[in-house]
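The values are calculated or read from the model by the stated rules, or taken from the named source; none is laboratory data. What you are looking at is a predicted structure, and each value in this text was computed from that prediction instead of being measured. Here the Cβ positions follow ideal geometry from the backbone for every residue, glycine too, while neighbour counts run over all protein chains shown. To get the accessible areas, we keep the full protein, side chains included, count just its heavy atoms, and leave off ligands, DNA and RNA. Shrake-Rupley method; radii C 1.70, N 1.55, O 1.52, S 1.80 Å.
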Amino acid sequence: MSDALDLVGFGLRLLVLPALVLALARWGGLRLGRLPLSALLRAGVQLGIVALLLRGVLDAPATVAAFLVLMLTTASLTAAGRLRSLHHGRRIAAVGVASGAAVALAVIFALRLVALESTYVIAIAGIVIGNAMTAATLSGRGFLHASEERRDEIEAWLSVGATPSQAHAGIGRGAARESLLPGLDQTRSTGLVTLPGAFVGALFGGASPLEAMQFQLVVLAGLGLAMTVTALIVTRLAGRTPYVVLAGAEVGVSAGRAAPGARRPSAGRDPGPAGPAPDARHPRP
């Protein structure tokens, strides 16, 4: 009975934090709705279920593989929901998350940086997949917002014969770079500003400080690879869109066909192959 009361008291005290987030978000006009609260409640339910399942999952390779597929599917669907405004955004998110996580995990275990055991596979895969999801969301939404702001530049390049990939190249590079900076900053400050969960968890689990450090470095290196692959794939695939983004709508620019209700980009004045694109900021496709 006392354990149940302690758990209820912990839950009520914990709810103070999302309540403060909700209040600040409403005061700042962030339009988050109840997302901070619902996200924490969902996390609590999911962590409780996972805690009950992990004992059985770790016993058989088949259940480990099934759990990995579940994590990857959930991450892909979450990122896909954030990128649905992009042309083929859901597909791009799924491919980016899966590719980034698969490449990083394959390299980590191929180099034998950690033992190929179910405990390590689940632990590292969860961290890597989660950060690949974050990279897909940040790079994809950054690409979308930059495309809206630089629509005239994109139309200018298309009007002088550039391909969609060339017209969006600078935007994609900028979005990918911006999506990677928070993770790189956190890696640089590890040990001085932050003590990552993998490091602390390994110490609490009985590992020596050296072993905990090695495990955390593997995680950080894997995150950098996964997020870079994901960001590059998402922005490169998004850059192939045959449409110009305009305030949440898509305007068709592909030759021969246009989206329903779409218009072609303004042709402007053709300065010739040697001149700059009209109204462009001298990008280099």
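Name the residues in the range 200-225 that are at pLDDT 80 or above, of a type in the set (A, V, I, L, M, F, W, C) and open to solvent by 50 Å² or more (accessible area, probe 1.4 Å), would you?
Answer for the range 200-225, where residues must be at pLDDT 80 or above, of a type in the set (A, V, I, L, M, F, W, C) and open to solvent by 50 Å² or more (accessible area, probe 1.4 Å): Leu210, Met213, Leu217, Ala221, Leu225.
Pairs only if they're at least six apart or on different chains, beta carbon under 6 angstrom, first in the range 1-28 and closer than 11 Å to Leu40 by Cβ, second part of a loop (DSSP other than H, G, I, E, B) and open to solvent by less than 70 Å² (accessible area, probe 1.4 Å); list them, first residue then second.
none
Kindly indicate whether any position in the range 171-181 is touching a His at 6+ places or on another chain (Cβ under 7 Å) and crowded, with 23+ Cβ neighbours inside 10 Å.
No, because not a single residue in the range 171-181 is touching a His at 6+ places or on another chain (Cβ under 7 Å) and crowded, with 23+ Cβ neighbours inside 10 Å.
Those residues that are open to solvent by less than 40 Å² (accessible area, probe 1.4 Å) and closer than 21 Å to Gly197 by Cα, I need them from the range 116-150; list them, please.
Ser118, Val121, Ile122, Ile124, Ala125, Gly126, Val128, Ile129, Gly130, Ala132, Ala135
Kindly indicate which of Ser159, Ser189 is free of Cβ contacts under 8 Å to residues at least 12 places away in the same chain, open to solvent by less than 50 Å² (accessible area, probe 1.4 Å) and not hydrophobic (A, V, I, L, M, F, W, C).
Ser189
If you take just the helices (runs of 4 or more DSSP H) that sit entirely in the range 115-213, which of them hold at least 3 residues that are out of contact with any Pro (no Cβ under 8 Å at 6 or more places or on another chain)?
Output list reads 118-149, 169-188, 197-204.
Kindly indicate which of Arg141, Arg151 is over 20 Å from the mean Cα position of the chain (by Cα) and either at pLDDT below 90 or within 29 Å of Arg42 (Cβ to Cβ) (or both).
Arg151
Can you find a residue that is modelled with pLDDT of 85 or more and closer than 27 Å to Leu180 by Cα anywhere in the range 9-23?
Yes, the range 9-23 contains a residue that is modelled with pLDDT of 85 or more and closer than 27 Å to Leu180 by Cα.
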